[in-house]
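Input: a single structure, listed below in structure tokens.
None of the figures in this text is laboratory data; all of them are computed from the coordinates on show. Note that this is a predicted model, so its numbers are computed, not measured. Here the Cβ positions follow ideal geometry from the backbone for every residue, glycine too, while neighbour counts run over all protein chains shown.
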Amino acid sequence: MARTLSAEELLAGAEATFTVAVPSSVWQPETEAGGQSGGEVTLRPLTVRDIQRISQAAKEQQVLTSVLMVQQALVRPKLSVEQVGRLPVGLVQFLLARTNAVSGLSVEGDDLEHAVRAPLTRACFILSREFGWTPAQCSDLTVGQILLYLEMIARGEREVAAP
């Protein structure tokens, strides 16, 4: 039987940092394989609070979401949002993949497909889009409330206060 983790142990995970090797071909694509060696950066896992702030700041701009996620996760070197936005796209994709991995956000193909297709996931996405609610607000709803709001959307009623 597994032991129960303490609150301190769970919260300590948010303080962890990870050194990530960055191949030179990612940050200097013109470098030949036998050229300059790679480097490394230090990342930290994103917290629920980070993801909520990023979601609110980026709204529907996928690229800005990626930039903000990388910027928040980078511990060393520390970069501004503008600096991350000036990085090569391949480097940002590489860092974003590593950020997702250290944050526990990496989901394998079939698991991702099931999560996206889950009825409650789709319902919360629709409510967020239609009413501008945050994920936290949607997660506070009961199944009955979710169904009621979805029915209101179907009827064209979109004037609803946040839950």
Next on the checklist: For a quick check: with amide H placed at 1.01 Å from N, whose amide H comes under 5 Å from Val22's, ignoring anything fewer than 5 positions away on the same chain?
Outcome noted: Gly39, Glu40, Val41
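Please work out the FRET efficiency for the pair Ile126 and Glu82, using the Cβ-Cβ distance as r and a Förster radius of 35 Å; give the result to the nearest 0.05. List each step's numbers first, then the result.
Details: r = 34 Å, r/R0 = 0.96.
Here the calculated transfer efficiency is 0.55.
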Next on the checklist: Through the Karplus equation 6.51 cos²θ - 1.76 cosθ + 1.60, θ set to phi - 60°, convert the phi angles of segment 51-58 into ³J(HN,Hα) values in whole Hz; use x for Gly and Pro.
Outcome noted: 5, 5, 5, 5, 4, 5, 6, 8
Item to check | Under Karplus coefficients 6.51, -1.76 and 1.60, residue-wise ³J(HN,Hα) of segment 87-102 in Hz, glycine/proline x | outcome: 6, x, 4, x, 5, 4, 4, 4, 5, 5, 4, 5, 4, 4, 5, 6
Checklist entry - Applying the Karplus parametrisation 6.51 cos²θ - 1.76 cosθ + 1.60 with θ = phi - 60° to the phi angles of segment 67-74, what ³J(HN,Hα) value in whole Hz is obtained for each residue in order, glycine and proline being reported as x? => result 4, 5, 4, 5, 4, 5, 7, 5
Checklist outcome for this item: Ranked on Cβ counts within 10 Å of their own Cβ, fewest leading, Val22, Val75 go Val75, Val22
Next on the checklist: Taking each pair of distinct Cα atoms in segment 8-103 once, what is the resulting Kirkwood hydrodynamic radius in Å?
Outcome noted: 14.0
